[in-house]
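Before any comments, here is the structure.
The values are calculated or read from the model by the stated rules, or taken from the named source; none is laboratory data. Just so it is clear, the model here is predicted, and its values are computed rather than measured. Cβ placement follows ideal geometry from the backbone for every residue including glycine, while neighbour counts extend to all protein chains displayed. Calculation scope for accessible area: heavy atoms of the full protein, side chains included, ligands and nucleic acids excluded. Shrake-Rupley method; radii C 1.70, N 1.55, O 1.52, S 1.80 Å.
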Amino acid sequence: MDLAGYDMLASTILLLNNQGEVEYANAPAQELLGLPRKQLIGLFGYSLFNADTALESRFLDAINGKFGVLRQDLFIDRLGSTLPVSLTIVPLADRPWAALLEVRALEQHVLLDRSRHLAKELGAQRESLRNLAHEVKNPLGGIRGAAQLLDAELGSESLREYTGVIIAEVDRLGALIDRLIAPQASPLLTARFNIHELCERVYTLISTEFGAQIELVRDYDASAPELLGDSARLLQAFLNMARNAAQALTEGHTLAGSRLTLRTRIGHRLVLASGPARMGVIVSVIDNGPGVPGGLRDKIFHPLVTGRPDGTGLGLSLAQEFVQQHGGLIEFESRPGCTEFRMLLPLERT
């Protein structure tokens, strides 16, 4: 198999020299290990895995063929969480490399079940909220109309202040209800577009709003192909993700060196709520803020759930819905100092 063929495999492939250093890494390796190919080249292969004395003592011997094919289950670190993987070291004879190291993530069916469960759960919640929103919308219109009539009859300016408050609060609730109803109001307007044009618009908007307080970084994969989708909805989804991260950096947690990164990568063998995808685009927002509070992790995409005193809890929920309308998914990993929200959009289904 030539090197290009390794990029089409589902599992991570590293080709090592007889000192155990990485000389080649395929596309899934970059995704799983969280490093671009250029940074993986030259690293000692064992250093990519959690400390494991049994593997450490046998790593170089396995590369040089002492054990034949060596297989071992262990863990790797990824943004503060541990991922179980199966590692296989295959010595290579008469090849430019000493060994092939293959890594497979375990229990992908568990991830698929979790993604589908989240999609169904959020769908049911949104449907209930929309039904409630429709029921509330009509009475709000009546309250606003009555307040306007009362305002016209009142002679006292001080009393009219109260009707002004009623009208303003009704309008605020009406806008909130419109946001709850809006995602299902119209079909997707699909066309092909460049994902980096979308990223640049988000970069400009976030820079205008928060640029004086945080450092903004762009880290794009220029090889990302055009997407077919509703660019307006995906723009809103990505903007909600980026603004949420910027607010986490600036609202009560302002630190020197606050940084927000917009990143794109090609993903392989993605696990989505709509099923596995052979290839996709991963659009990430990464910040070095305080992280997602523990009490919000399991429900951060649920409607009306927020950790901010003045938040509505709709930003990430709507972002997740817009992405799921495209067959994709938003997932996240978080720890203090490093939080990554990833928008996974399929290019090719399996």
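Relative contact order of region 149-239, taken over Cα pairs closer than 8 Å and 6 or more residues apart, is 35 percent. Once both labels are positioned 7 Å from their Cα atoms along Cα-to-Cβ, the gap between Asp94 and Ile41 label points is 2.8 nm.
For Cys338, the accessible surface of its heavy atoms amounts to roughly 30 Å² (probe 1.4 Å, protein chains only, rounded to the nearest 10).
Exposure check, 1.4 Å probe, all protein chains in place: Lys299 carries approximately 90 Å² of accessible surface. Remark on Leu92: its backbone amide H falls under 5 Å from those of Ala99, Leu100, a criterion applied only to residues 5 or more positions apart or on other chains, H modelled at 1.01 Å from N. The stretch between Glu209 and Leu3 holds 69.7 nm of extra length on full extension. This uses 0.36 nm per residue minus the Cα-Cα distance.
Ligands, DNA and RNA excluded, the heavy atoms of Asp77 present near 100 Å² of accessible surface to a 1.4 Å solvent probe.
Alpha-carbon geometry of region 198-285: the Rg and the Dmax are 14.4, 42 Å, given in that order. For Thr190, Thr264, the ranking by accessible surface with the largest value first comes to Thr190, Thr264, using a 1.4 Å probe. For region 10-16, 3J(HN,Hα) computed residue by residue from phi via the Karplus equation (6.51, -1.76, 1.60; θ = phi - 60°) reads 7, 8, 6, 10, 10, 9, 10 Hz, glycine and proline entered as x.
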